[in-house]
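Heads up, the thing below is written out as structure tokens.
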Amino acid sequence: MKFSRLFLLFMMVFAITISCDDEPLGPTRDVEEEVVDPTPDPDPDPIPEPSGIDISETFGNDTQRSFLGHVVDVNENPISNVDIRIGNSTALTDNNGIFIIDNATVKKNFGYITASKAGYVEGSRTVVPTTGTNKVTIMLLEENIIGTTSSGAQTTINLPNGASVSLNGDYIKEDGSTYQGNVDVILHHLNPSDPNMEVQMPGMLFAANTDNEARALRTFGMLKVELRGSSGEKLNLAQNTTAQIEVPIPAELMADAPSTIPLWYFDEEAGYWIEDGEAQLSGNKYIGNVSHFTFWNYDIDITPIRLCITAVDENNNFLANHIIRFTSPSLGIRTGITNTSGQVCGYFPIGETIQIEVLNYAICGNEVIHTETVGPFTSSTDITVIVPNNPSLIAETVTGRFNDCDGNPVSDGYVILSYGQEQFVDEVSNGTFEINFFRCEAETTFTIEAYDYNSQQTTGLINYSFTTPTTNLGTIAACDAFTEFITYQLGDNPPVTYYENVGRTVYSDFPDYSHYRGYSNTFTFPGPTDTTFELYSEFYEVGSYNVNGIDIAFKIRDESTNYEELSIELDYTIRFNIVQFGEVGEYIDINFSGGYGGLNPVFQTPISGTIHIIRDY
């Protein structure tokens with residue numbers, strides 16, 4: 001399954017890193033499923049100022065944090081069975097490229113995640129972890145062989161865009177012994193103008209200079225070089241030898257490119273960049289010499305401070321899953337997504353003003369709904385940004401329960417909510433989820449697909465329409481042995497889901513009104529005792545219908561009771577949402593909610609449910 005850009009945005013951790021600690025509960029981190037505590041950390045580590053101190057002192061003490069991640073290839077297709085490591089915790093990605101690791105031990109201000117699989121260059125991501133579930137995206141690069149040389153031969157391997165590596169022919173194996181033979185060269189150039197660079201590069205743009213002081217980086221380009229021997233073994237440059245690497249500078253960055261720029265390599269053990277040498281500007285390229293191969297980075301470095309913003313509305317409600325765009329004179333534009341607590345954090349240049357823009361989603365026009373300038377800051381800072389209420393945006397909360405085949409709450413799973421071009425991927429814990437976000441009037445429907453991470457079973461794609469401000473999906477279930485289900489909840493009773501003995505029949509003894517076709521759909525499923533419920537609907541078109549009283553358009557009946565008597569007894573007020581009414585062999589998706597049992601809603605029994613059934617008439 002291909003995920004849209006929003007999930008990638010969750011990871012677009014700034015140039016230095018913007019951390020989105022999304023929580024459980026929907027695009028609220030939804031997967032989160034665990035509600036994020038909006039109160040301050042009861043035992044916070046002091047955040048030392050990075051300037052002038054050892055980089056490790058900025059990381060803080062050990063703590064436990066939870067992570068939900070997505071690993072994809074360069075075409076945004078998911079990659080399964082990727083080895084994920086966070087500290088001493090490990091996991092494998094599932095068929096959707098998703099991994100979940102709860103309570104991993106990381107540093108309070110530094111979490112390092114690695115992703116490896118044969119055939120791909122090892123990927124990684126570093127974040128400033130926050131409470132709740134931290135979402136990350138890693139885009140792995142394939143180990144494509146660009147050229148081949150041999151030991152003892154001097155050669156230059158080029159990419160079409162002008163990036164290159166010049167080799168002198170002296171190589172060693174991982175154990176330090178001399179290598180003789182053919183050498184395959186894997187080469188990747190990362191262009192800072194490419195919007196995918198931030199999910200392709202390792203770690204984040206946070207580094208240690210030659211004095212081991214913490215620095216933030218602004219990149220002018222990266223180059224990844226890997227060498228493989230004839231048996232596939234990893235090689236590197238022999239001691240006391242160097243190679244020359246060149247990277248082209250994007251035209252839009254030439255005006256800011258200094259004549260000399262520091263070189264930085266990514267330390268795959270530590271999870272951050274380390275200064276080592278410098279490169280010279282020659283035409284539109286930077287040229288430098290390196291003594292070993294990993295990711296190399298051409299960057300100017302900046303003294304950073306840690307900035308966390310919390311976005312709220314005029315009523316002081318947290319604004320979760322909002323796109324935040326930050327612009328600084330030194331770093332340019334970076335983008336992040338607020339977590340369930342409306343928060344996004346990252347490292348920014350000391351002493352600079354930062355422009356903050358809050359945007360809506362692509363389906364709503366990608367409009368800027370609020371702009372504010374903050375700073376300059378001389379120390380790490382937490383601020384609150386108040387976003388004025390916008391009548392064109394509608395606050396939505398989507399909630400539900402997620403069970404397995406046996407009716408037990410899924411303890412380790414996630415939900416994918418698709419709205420327009422956006423997708424929210426959030427964790428489920430203890431069988432519940434809640435997703436919070438803003439939509440626009442242009443689109444009133446969405447889809448849900450939930451996955452049991454352990455069993456790899458799924459609900460399949462289910463269509464819904466919003467019942468603003470809260471859409472309660474009732475109970476959905478992952479059970480690959482079945483393709484249809486009906487779920488419902490009566491009052492405070494536990495939700496009930498049926499995969500078997502559900503069916504659909506047609507009655508033709510109804511008049512032909514304009515809103516239906518003269519006959520009725522009847523969805524049957526077991527009742528709470530020894531009876532059978534039947535849901536009647538003459539509606540065959542996608543839409544939302546309010547039905548009240550004893551209107552036969554929507555009826556629940558106990559087939560053991562005389563129909564006419566029941567129709568008088570069970571007065572109701574129910575909203576009936578047909579989100580999809582497919583052709584024969586395709587799905588009918590309906591969600592409903594309301595109450596029945598009396599004319600006065602106060603005395604009605606609440607009912608809600610979902611129908612996901614294949615049309616056979």
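A short reminder: the numbers here are calculations on the coordinates, not readings from a lab. Just so you know, these numbers come straight off a predicted model, no measurement behind them. So basically every Cβ, Gly included, is an ideal-geometry build from the backbone, and we count neighbours across all protein chains shown.
Scoring 165-177, 447-459, 211-223, 137-149 by mean Cβ neighbours within 10 Å over their residues and listing the highest first yields 211-223, 447-459, 137-149, 165-177. Within the shell defined by Cβ-Cβ distances under 13 Å, the residues around residue 230 carry a net charge of +1, with Lys and Arg each +1 and Asp and Glu each -1. Normalising by residue count, the range 219-357 has a Cα convex hull of 162 Å³ per residue. For residue 369, nonlocal amide neighbours, meaning residues 5 or more places apart or on other chains whose placed amide H falls under 5 Å from its own, are 358, 359, 360. Once backbone amide H atoms are built at 1.01 Å from N, residue 615 has 585, 586, 587, 588 as its partners under 5 Å, excluding neighbours fewer than 5 places away on the same chain.
Residues whose amide H lies under 5 Å from that of residue 277, counting only those 5 or more places away or on a different chain, are 263; hydrogens are built 1.01 Å from N in the peptide plane. Taking the range 211-247 and a reference point 7 angstrom along Cα→Cβ of residue 155, the backbone N atoms nearer than 13 Å belong to 227-230.
Given a cut-off of 24 Å, name the pairs among 234/285; 117/173; 107/135; 117/234; 173/224 whose C-alpha atoms lie farther apart than that in the structure shown. Distance filter (> 24 Å) returns 234/285. Each Lys and Arg Cβ is given +1 and each Asp and Glu Cβ -1; about its Cα centre, the range 289-395 then shows a dipole of about 180 debye. 3J(HN,Hα) along the range 257-271, derived from phi through the Karplus expression 6.51 cos²θ - 1.76 cosθ + 1.60 where θ = phi - 60°, amounts to 7, x, 5, 10, 9, x, 9, 9, 10, 8, 7, 5, 7, 7, x Hz, with x in place of Gly and Pro. Shown here: the range 349-397, whose C-alpha atoms stretch 37, 19, 16 Å along the first, second and third principal axes, sorted largest to smallest.
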